[in-house]
Amino acid sequence: MTINHFPDTQSKVWLDSLAVELRLLDVSGASIGDAVASVREFLADSGSDAELSFGSPQHYAASLQLPVRAKARATLNGVVVRSVLGVVGLMGLTQSVVPLVHGNNVGIMPGVLVIVLGVIAVVTLLPRLLPTMTRLRRRGWTMVIVVGGILGGTVPVVLSLGAGSRALVTIPALPLALISALLLLGPALWSQRHHSFMDDPIVEPGSGTTEDHSRLMVAVTNWIMVIGAVIVCVLSLLLDQVVS
Amino acid sequence: MSVTAWSSDWIRAALGLCVLRTLEPGPTYGYALASALEVGGFGAIKGGTLYPLLTRFELAGWIEAEWRPGTGGPGRKYFALTELGRQELDEQSAQWQAFTGTVQNYQQRYETEKGSATS
């Protein structure tokens, strides 16, 4: 008896979600490929619906209790360190972009320092938020707009509240912008290099690799800080033009 | 023929032993296992119940899996009992016999006492 290996669209979405859930649990690519192919085989044989037969992808992935990769904890700590560097770079770049255009120095206000420390605190919680963010990937553009809106809206408001305060320190805009850009791009490039599409790919049992959407998601999250910085810089420059 | 809807707790307790027993004659794949259990009177066993159990048995070394090639894909994953799995099956089978015997004796004792009291 031959098996139909081409599941319907609904089952394909379910199988993609299962791959993402197992990736979030730090299961190896080979084990993910095996688990996905097993479900595909059962669905093809039984003709049943994935959700009815296996429940939610999140619950099923957890119920398999597959072994996790050995370097999972170190990877998580690396993400936190790179994210903190990225945040410092993002804040430095957004603070220096307008003074750079006008040829002024950057005054680091107390409000800015408070924001940087606050954002760093949030970023250290990022690995815990990442699964939720990944599960909301189908609303990716909504997330980008919301995050961009929060950064582009809240930061200028908080900064304006401390506008009357004296600057703690004054720094030339160009070096600050260059160092910030380095801090921003460095972690993104490092992550891209070390977490490429060839890094532990999902392997179809008995053959080569499969198309892996979960790795694409990882690639997108690598660059989310850079995307955020570009949005905030553009908004800051537009705001500056409106004000002047 | 009507199929008895067994308590899910009972199914969960007996499923592992029955899966090992189904694999005793020789290797088979997921859906064939589920079908054999359904024909045996357990009702429809969902993939979400069966595969985590098979994964656990594989990690315990009681069964081993092998992908057999099919047309246009990886084919089917066949599960086979290992020597350790056969030992486990014998052990669990003996324990299950003893347990069901205990339950049966316990019930009969009270049935007998109830019969004596009413007569």
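Which order, highest average first, do A:47-53, A:33-39 follow once you tally other Cβ atoms within 10 Å for each residue and take the mean per peptide? Please report the intermediate quantities before stating the final value.
Numbers: A:47-53: 16.4, A:33-39: 23.3.
Listed from highest to lowest mean packing, they are A:33-39, A:47-53.
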Checklist outcome for this item: Semi-axes a, b, c in Å (a largest) for the range B:18-81, each sqrt of 5 times a Cα gyration tensor eigenvalue, come to 18, 15, 11
Checklist entry - Of the listed peptides B:35-41, A:183-189, what is their order by residue-averaged count of other C-beta atoms within 10 Å, with the highest listed first? => result A:183-189, B:35-41
Next on the checklist: Under 5 Å between amide hydrogens, which residues at least 5 positions from B:Gly75 or on another chain qualify, with H placed 1.01 Å from N in the peptide plane?
Outcome noted: B:Gly70
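Is the range A:9-64 best put as rounded, prolate or oblate by its Cα gyration tensor, with a ≥ b ≥ c the root eigenvalues, rounded for a/c under 1.5, and otherwise prolate when a/b is larger than b/c, oblate when not? Working shown, then result.
Values: a/c = 1.90, a/b = 1.55, b/c = 1.23.
Note, shape of the range A:9-64 comes out prolate.
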Checklist outcome for this item: Low-density loop trypsin sites (Lys or Arg not before Pro), the range A:44-73, at most 12 other Cβ within 10 Å, DSSP non-H/G/I/E/B, are A:Lys71
Item to check | Spin-label zone in the range B:1-34 - amide nitrogen under 17 Å from a point set 7 Å from the Cα of B:Glu91 along the C-beta vector | outcome: B:16-21
Checklist entry - In a Debye calculation with equal point scatterers on the alpha-carbon sites of chain B and no solvent, what is log10 I(q)/I(0) at q = 0.11, 0.14, 0.19 Å⁻¹? => result -0.48, -0.69, -1.07
Item to check | Inter-probe distance in nm under a simple model that places probes 7 Å from Cα toward Cβ, at A:Asn77 and A:Arg128 | outcome: 1.9
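Ranked by Cβ crowding within 10 angstrom, fewest neighbours first, how are B:Trp62, A:Trp223 ordered? Walk me through the numbers on the way to the answer.
Values: B:Trp62 24, A:Trp223 16.
Going from sparsest to densest Cβ surroundings: A:Trp223, B:Trp62.
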Next on the checklist: Less than 11 Å from a label point 7 Å out along the Cα-to-Cβ axis of A:Arg69: which backbone N atoms in the range A:12-30 qualify, by residue?
Outcome noted: A:23-30
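Efficiency by 1/(1 + (r/R0)^6): what FRET value for B:Ser116 and B:Leu59, r their Cβ-Cβ distance, R0 = 35 Å, to the nearest 0.05? Before the final figure, lay out each step's value.
Details: r = 51 Å, r/R0 = 1.46.
Efficiency at R0 = 35 Å is approximately 0.10.
Sort A:Val68, A:Val242, A:Val232 so that the residue with the fewest other Cβ atoms within 10 Å of its own Cβ comes first and the one with the most comes last. Provide the component values of the computation, followed by the final result.
Values: A:Val68 14, A:Val242 7, A:Val232 21.
If I rank by nearby Cβ atoms, fewest first, I get A:Val242, A:Val68, A:Val232.
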Checklist entry - Size of the dipole of the range A:9-64 about the Cα centre, Lys and Arg at +1 and Asp and Glu at -1 on the beta carbon, nothing else charged, in debye to 20? => result 80
Checklist entry - Spin-label point model (7 Å from Cα, Cβ direction): what's the A:Thr170 to A:Trp190 distance in nm? => result 3.4
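In peptide A:94-101, how many Cβ atoms from other protein chains are near each Cβ within 10 Å, on average?
On the way: counts 0, 0, 0, 0, 0, 0, 0, 0.
Averaged over the peptide's residues, the number is 0.
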Next on the checklist: Could you identify which residue out of B:Thr102, B:Thr82, B:Thr28 has the top mean-square fluctuation in a GNM of chain B using Cα springs shorter than 10 Å?
Outcome noted: B:Thr102
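Readers should treat all values here as calculations from the given coordinates under stated rules, not as data from a laboratory. Worth saying up front: this structure is predicted, and the values here are computed from it rather than measured. We place every Cβ from the backbone using ideal geometry, glycine too, and count neighbours over all the protein chains shown.
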